[in-house]
Structure formats: structure tokens, C-alpha cells
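Asks: The structure's right below; bear with me while I get my questions together.
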Amino acid sequence: MIEVKYFGAVAEKTKCEFEKIPFSEVSLQQFLQDLEIKYQFDSLSFSVAVNQKIVPKTTDYKLQTSDVVALLPPFAGG
Amino acid sequence: MNDSIRYNRQIILPEIGENGQHKLSIAKVLIIGAGGLGAAVLPYLAAAGVGEIGIVDDDVIEISNLQRQVIYKTSAVGKYKVEEAKAMVSELNPLVKVNAIAEKLSGKNAISLFEQYDIIVDATDNLSIKYLINDACLVTNKPMVYGSIFRFQGQVSVFNYQNGPTYKCLYPDENSQSLNCEDAGVIGISVGIIGMLQANEVIKMILQIGEVLSGKILVYNILNNQQQKYDFEKNTIAKLDKKAFEEKYKVAENQIEEIAAEVIVNEIDNDEVLFLDVRNADELPKINFKNGIQIPLMKLENEIENLNPNQTIYVYCQSGIRSKIAAELLQRKNFKSVKSIAGGALALSQIVKEKIAD
């Protein structure tokens with residue numbers, strides 16, 4: 001299982017703050033594409049963290065079981 | 001002696017002491033934004049005895065601000081925020097020098113303002129100004145204490161601290177969008193908590209104690225009290241110097257380049273450029289450019305996808321006023337090369353006539 005955490009406007013789209021997704025050896029890029037298809041983030045911009053560390057979305061990384069992915073959009077309120 | 005009594009409870013902390021109090025008293029902090037975050041940061045820095053505090057904001061107090069901007073009184077509605085903030089501090093701690101700057105932060109004033117302070121606090125409420133603050137901090141080599149809110153969640157980080165990662169390393173996309181408090185809604189407590197965490201980072205940097213949130217972003221959710229820290233690295237190596245900064249922000253600061261009709265006469269047959277007429281279809285004189293298009297100013301925003309942002313575009317209207325507004329709009333939408341033709345169609349038709357007569 002991969003745990004995914006959603007923040008800010010991303011969580012509004014997903015209607016949940018975290019979920020567990022059955023693990024099937026995928027690259028981070030593929031995983032993000034699947035989420036995009038599922039939730040239609042469209043123009044929403046966010047950074048991606050794997051195990052509490054922000055990584056480039058294009059990074060060549062194969063997700064491991066028990067990885068925690070987080071989608072962090074910028075906030076603007078103040 | 002009076003000062004020692006005022007600050008006694010923090011001076012007796014081993015991490016602060018008389019020495020730390022002295023560091024606070026000579027520190028200069030600039031707070032950008034006197035809204036919800038600024039209203040939380042300011043009183044804590046002032047009470048702790050930060051020597052000089054600048055506050056930048058050109059807004060006046062509105063009644064809808066008061067549920068979260070708790071330093072303002074109902075009787076002050078309609079007054080400048082920075083003036084009221086200054087008055088509040090002078091009663092709280094007259095030892096603090098406050099500079100009330102009732103201006104909008106822009107590419108024009110950012111560098112000269114930042115140069116006068118040690119630490120810059122981002123207490124703003126929109127994304128584009130955060131990139132401006134980030135860039136100006138890079139140019140002036142100042143740390144940026146970032147805070148922002150989305151409903152019940154907040155983010156805090158310190159950028160450009162001792163050459164550390166910047167806002168752009170965390171969020172590279174300068175064109176991204178996010179709702180501010182007015183659109184998304186906010187409760188005073190969330191801006192209060194995040195503003196206090198920002199004030200805490202400021203104090204730690206001044207005192208050189210603890211661990212500064214550099215290369216880490218703290219995300220706080222007040223509904224479930226979860227907080228998480230995420231690490232990020234420096235990935236923008238390009239140094240931004242003053243010249244590059246000025247070039248970048250001149251564009252955004254309505255510095256629309258005007259070009260004389262005479263100068264572009266040679267471009268009339270150039271297929272690489274586009275002449276954009278932003279007048280209404282019935283306005284005279286008509287000028288028929290083969291590389292021309294007409295989109296009335298009112299419709300420009302909706303029909304913007306018909307234009308190529310990488311093409312050089314000469315915008316004209318009747319006299320040169322609407323074309324400037326149109327050029328500003330296009331520049332905001334990241335069109336690369338937009339110029340407004342001075343004197344508009346009236347000047348242009350004259351030149352075109354002369355050219356044909358040649």
C-alpha cells in the first residue's frame with residue numbers, strides 16, 4: 001500500500017486528506033498521472049514529497065511499499 | 001534598568017540573557033503585509049523588544065478584517081493599517097522604532113526597502129508577491145520568513161537563510177494560483193498560529209538559537225492538530241542580481257514600452273510580428289495590415305488564446321490609451337514582447353499613407 005496525503009486545495013479536489021492506494025510497482029510519474037486522471041487537478045499546482053522529502057515530479061523513482069506520498073500546493077492566504 | 005525589568009522574563013532564559021536581549025534591540029525586521037499574519041507577527045516581535053520594525057501595506061482597515069486582524073479596533077475602520085499598527089506598538093512598547101510604510105510592495109521599492117532590514121517577513125496574501133519577495137531577498141541576501149494559509153491549514157518556512165533553499169526551490173511555478181483568505185475563507189486562529197510561528201523563526205534567527213526552518217516546510221492543520229515537516233533542497237542555482245531583478249519586474253510594473261509609429265513602419269510587411277487593433281470594429285480610420293488582427297479591448301481577455309505569447313505584438317487603438325491597457329493585460333499573461341504604438345491609429349494611418357505614397 002502507498003499512503004497519499006493531500007493538502008490545501010488538492011484535498012478539496014480529492015475530498016479526503018489521505019488515502020491508501022494498493023501498491024503495484026509504479027514509477028512516481030505514473031502514479032501522479034493516475035492521480036491526475038482520477039481527480040482532475042487541472043491547473044492546480046503542487047509539489048510532491050516522498051517520505052517527507054520534496055522531490056522533482058519528473059524524478060525517476062519507483063515507489064516502494066509503505067512509501068508515503070504527499071501533494072503540497074502553495075497556500076496564498078494571510 | 002527599566003528595560004531590564006520590561007524584558008526580565010525572557011532575559012532570565014539561559015538561551016537569551018542580556019546578550020540576547022541586546023541582539024534583539026539592534027535587530028531590524030521588515031514585515032510585508034499588515035493583515036492577519038502581520039497582525040500576529042508584529043505584537044510579538046515588538047513586545048520582545050526587536051529594535052526596529054518596518055511594516056509595508058497600503059490597505060485601509062475594513063470591518064471584515066477585524067475577525068482575524070486582532071490588533072485593530074472597530075473605531076479604526078477606514079484608517080491605514082500601518083498607521084494603526086504603529087500606534088498599537090507605540091503603546092505596547094515605546095522602545096521599538098516602527099516605520100509605517102503605506103505603500104504597495106513592488107519591483108520599484110522592494111530592493112531599497114529590504115536593504116534597510118536584516119530579516120524579511122512575508123505576511124502577504126497572494127502568490128505573485130511571494131515570488132517578488134523571494135527575488136528581492138535573493139538580490140539583497142536576506143532571509144525570508146514565509147507563512148501562508150489555506151482555510152484551516154498553514155505553511156511556514158524560512159527561505160534564503162544562509163544561502164539556503166528559496167521559495168522557488170519549493171514552488172518553481174510562478175504562474176500557479178491559490179485562493180486567498182477573501183476567496184477561501186479563514187478563521188483568525190489559523191493566521192494567528194502561523195503568524196506566531198513566523199515570529200518564532202524571526203526571534204530564533206536573531207538570537208541564533210534552536211533550529212531555523214530552513215530547507216523545511218512546516219504544514220499545520222488546526223482541525224486535527226497534525227503538523228508535518230517536509231524537507232526540500234536548493235535547486236535553483238541561478239543567482240539573481242539587481243539588474244536581472246529590475247528587468248524582470250519592470251515588465252510587471254506597468255512599464256509598457258511605447259513605440260513611435262515612425263519606428264515600426266519597416267515592420268509593416270514583417271510576417272513575424274502582429275499588429276493588434278484593440279478598437280471596436282466601427283472606429284475609423286481603418287488600417288489594413290496583412291499581419292493585423294482586431295480584438296476590441298473589452299473582448300481581449302476572452303480571446304487571448306487567439307494570440308501567440310511568443311510573437312512580437314504591436315498594439316494600437318485610436319490614440320494610445322486603450323492600447324497601453326491592452327499591452328499591460330498581455331504582459332500580465334506572460335506575453336514576451338508587447339509594445340504599444342504611441343499616438344495610435346491616428347499616427348499610424350498617417351505613416352502608412354506616407355509609406356504607400358513612397
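The values are calculated or read from the model by the stated rules, or taken from the named source; none is laboratory data. For clarity, every value in this text was computed on a predicted model and none was experimentally measured. Methodologically, a virtual Cβ is constructed for each residue, glycine included, from the backbone with ideal geometry; neighbour enumeration extends over all protein chains shown.
Asks: Looking at B:211, B:233, which one is closer than 22 Å to residue A:51 by Cα, at pLDDT 95 or above, within 14 Å of chain A (Cβ to nearest Cβ) and surrounded by fewer than 19 Cβ atoms within 10 Å (Cβ to Cβ)?
Replies: When all the criteria are applied, what remains is B:233.
Asks: Of all the residues that make up the range B:297-315, how many are buried (at least 20 other Cβ atoms within 10 Å of the Cβ) and either free of Cβ contacts under 8 Å to residues at least 24 places away in the same chain or under 28 Å from the mean Cα position of the chain (by Cα) (or both)?
Replies: Number of matching residues: 3.
Asks: Now a separate question. In the range B:236-261, which residue that is touching an Asp or Glu at 6+ places or on another chain (Cβ under 9 Å) and outside any helix (DSSP H, G or I) is modelled with the lowest pLDDT?
Replies: Step by step, filter the range B:236-261, then rank; the result is B:254.
Asks: Can residue B:50 be described as touching a residue at least 40 places away in the same chain (Cβ under 8 Å) and either in contact with a Phe, Trp or Tyr (Cβ under 7 Å, 6 or more places away or on another chain) or surrounded by 24 or more Cβ atoms within 10 Å (Cβ to Cβ) (or both)?
Replies: Spelling it out, residue B:50 is indeed touching a residue at least 40 places away in the same chain (Cβ under 8 Å) and either in contact with a Phe, Trp or Tyr (Cβ under 7 Å, 6 or more places away or on another chain) or surrounded by 24 or more Cβ atoms within 10 Å (Cβ to Cβ) (or both).
Asks: Now, a different point. Can you tell me which condition residue B:189 does not meet? The list is (1) at pLDDT 95 or above; (2) within 14 Å of chain A (Cβ to nearest Cβ); (3) buried (at least 16 other Cβ atoms within 10 Å of the Cβ), and all the others hold.
Replies: Single failed check for residue B:189: (3).
Asks: Related question: Can you pull out the residues in the range B:146-158 that are within 15 Å of the chain's Cα centre (by Cα) and over 17 Å from residue A:45 (Cα atoms)?
Replies: Listed by number, the residues that qualify are B:146, B:147.
Asks: Looking at B:160, B:180 in this structure, which one is surrounded by 15 or more Cβ atoms within 10 Å (Cβ to Cβ), touching a strand residue (DSSP E or B) at 6+ places or on another chain (Cβ under 6 Å) and more than 13 Å from chain A (Cβ to nearest Cβ)?
Replies: Going through B:160, B:180 in turn, just one is surrounded by 15 or more Cβ atoms within 10 Å (Cβ to Cβ), touching a strand residue (DSSP E or B) at 6+ places or on another chain (Cβ under 6 Å) and more than 13 Å from chain A (Cβ to nearest Cβ): B:160.
Asks: Something else: Got a number for residues in the range A:45-78 being of a type in the set (Gly, Ala, Ser) and within 11 Å of the chain's Cα centre (by Cα)?
Replies: 3
Asks: Further question: Residue by residue through the range A:39-59, note down the ones that are of a type in the set (D, E, K, R) and within 7 Å of chain B (Cβ to nearest Cβ).
Replies: A:53
Asks: While we're on this one: Kindly indicate whether any position in the range A:60-77 is under 27 Å from residue B:167 (Cβ atoms), in a strand (DSSP E or B), at pLDDT below 95 and within 14 Å of chain B (Cβ to nearest Cβ).
Replies: Taking every residue of the range A:60-77 in turn, at least one turns out to be under 27 Å from residue B:167 (Cβ atoms), in a strand (DSSP E or B), at pLDDT below 95 and within 14 Å of chain B (Cβ to nearest Cβ).
Asks: Hey, could you check the range B:111-157 for residues that are within 11 Å of another protein chain (Cβ to nearest Cβ) and charged (D, E, K, R) and say which is surrounded by the fewest Cβ atoms within 10 Å (Cβ to Cβ)?
Replies: Checking each candidate, the answer is B:151.
Asks: Let me ask something additional. Looking only at the range B:2-38, count every residue that is at positive phi and away from chain A (no Cβ under 14 Å) and tell me the total.
Replies: Total satisfying the criteria: 1.
Asks: Under 7 Å by Cβ, and 6 or more places apart or on different chains, what pairs join a residue from the range B:6-28 that is without any contact (Cβ under 8 Å) to a residue 60 or more places away in the chain with one that is among the hydroxyl-bearing types (Ser, Thr, Tyr)?
Replies: B:11/B:4; B:21/B:7
Asks: Can I ask one more? Being buried (at least 17 other Cβ atoms within 10 Å of the Cβ), more than 14 Å from chain A (Cβ to nearest Cβ) and either within 29 Å of residue B:134 (Cα to Cα) or without any contact (Cβ under 8 Å) to a residue 40 or more places away in the chain (or both) narrows it down to one residue among B:77, B:82, B:56, B:41; which is it?
Replies: B:82
Asks: Also, I was wondering about something else. Which one of the conditions (1) farther than 29 Å from residue B:235 by Cβ; (2) touching a residue at least 40 places away in the same chain (Cβ under 8 Å) does residue B:178 fail to meet, given that it meets all the rest?
Replies: (1)
Asks: Report, by residue number, each residue of the range A:22-72 that is of a type in the set (S, T, N, Q), within 18 Å of residue B:233 (Cβ to Cβ) and crowded, with 17+ Cβ neighbours inside 10 Å.
Replies: A:47 - this is the single residue of the range A:22-72 that is of a type in the set (S, T, N, Q), within 18 Å of residue B:233 (Cβ to Cβ) and crowded, with 17+ Cβ neighbours inside 10 Å.
Asks: Please pick out the residue among B:294, B:318 that is more than 16 Å from residue B:339 (Cβ to Cβ), modelled with pLDDT of 90 or more and surrounded by 14 or more Cβ atoms within 10 Å (Cβ to Cβ).
Replies: B:294
Asks: Right, here's the next one. Are there any pairs with C-beta distances below 7 angstrom linking a residue in the range B:196-221 that is on the phi < 0 side of the Ramachandran plot to a residue that is part of a loop (DSSP other than H, G, I, E, B) and charged (D, E, K, R), with the two at least 6 apart or on different chains, and if so which?
Replies: Sorted first by the residue in the range B:196-221, then by its partner, the pairs are B:207/B:15; B:209/B:15.
Asks: In the range A:13-29, what residues are touching a Leu at 6+ places or on another chain (Cβ under 9 Å) and not in a loop (DSSP other than H, G, I, E, B)?
Replies: Within the range A:13-29, A:13, A:14, A:21, A:27, A:28 meet the criteria.
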